[in-house]
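What follows is a single structure, and I will ask about it in a moment.
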Amino acid sequence: MAVAEVDLILPCLNEAAALPWVLGRLPDGVRAVVADNGSTDGSAEIAASLGALVVPCKLRGYGAACHAGLEASTAPVVAFLDADASLDPQQLVRVTAPVLAGQIDLMLGRRRPVSRSVWPWHLRLANAELSRRIRRRTGVLLRDLGPMRAARREALLGLDLRDRRSGYPVETVVKAADAGWRIAEVDVDYLPRSGRSKVTGTPLGAARAVLDMSKVLSA
């Protein structure tokens, strides 16, 4: 493959069922970087067989996997996407194109559920409240803190992100805003995910995620 314009970082924990679909829908010029967070279902082997760069990440946590992928990336622009098939990689160009063109510094995908059952009401309510708090803290008009986002790699590394749990996306937005970055969002489809979420798939997991994000906002 030619040198990639975009490295797509996919934090991954036991996503063997979803990876073939996800990796089979990469746009041209995009290389997959699968940050494997200790999968036991063969996810790493499947990703490697499909041409992805697999980066082992022993430290458990969404932020740990994201940052391991970031450090292993080499493309000028990096994007992030969950490996659970809840977002279509074919729509990745919506978030990467403005960054590649130098129009936006951090672009996020605003999730638009394809059906009411895709996004449970309690998670949607929690996301709306989190978005409101981010707007109040940063002044940036965001309506969703979605898992699809893109930025320039060197600039992102320069933010010195420290959270290694669920607060990583919040810290990204807060530090980018404090640095004067141009931040925007664009609509992307939100699809039924494969399997249960590792972060918000249980009430306890959702509570932990909210706590992690709240700590970043109050820091």
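Take the range 187-219 and flag every residue that is at pLDDT below 65, under 21 Å from Val173 (Cβ atoms) and among the polar types (S, T, N, Q).
Ser197, Thr200
Return the total of residues in the range 102-144 being under 29 Å from Pro76 (Cα atoms), touching a residue at least 60 places away in the same chain (Cβ under 8 Å) and of a type outside the set (Lys, Arg).
So the answer is 8.
Does Ala16 satisfy being small (Gly, Ala, Ser), out of contact with any strand residue (DSSP E or B) (no Cβ under 6 Å at 6 or more places or on another chain) and either at pLDDT 95 or above or over 21 Å from Leu100 (Cβ atoms) (or both)?
Considered against the rule, which asks whether it is small (Gly, Ala, Ser), out of contact with any strand residue (DSSP E or B) (no Cβ under 6 Å at 6 or more places or on another chain) and either at pLDDT 95 or above or over 21 Å from Leu100 (Cβ atoms) (or both), Ala16 comes out as yes.
Please report, ordered by residue number, the helices (runs of 4 or more DSSP H) entirely within the range 82-176 with at least 2 residues that are surrounded by fewer than 20 Cβ atoms within 10 Å (Cβ to Cβ) and modelled with pLDDT under 95. Explain how you work it out, then say what you get.
Details: elements: 93-100, 121-138, 153-158.
Per the criteria, 121-138.
While we're looking at this one, here's another question. Within the range 68-101, how many residues are more than 25 Å from Lys58 (Cα to Cα) and free of Cβ contacts under 8 Å to residues at least 40 places away in the same chain?
Matching residues across the range 68-101 total 2.
The values are calculated or read from the model by the stated rules, or taken from the named source; none is laboratory data. In this text, all values refer to a predicted model and were calculated from it rather than measured experimentally. No Cβ is skipped: glycine too gets one built from the backbone with ideal geometry, and neighbour counts run over all protein chains shown.
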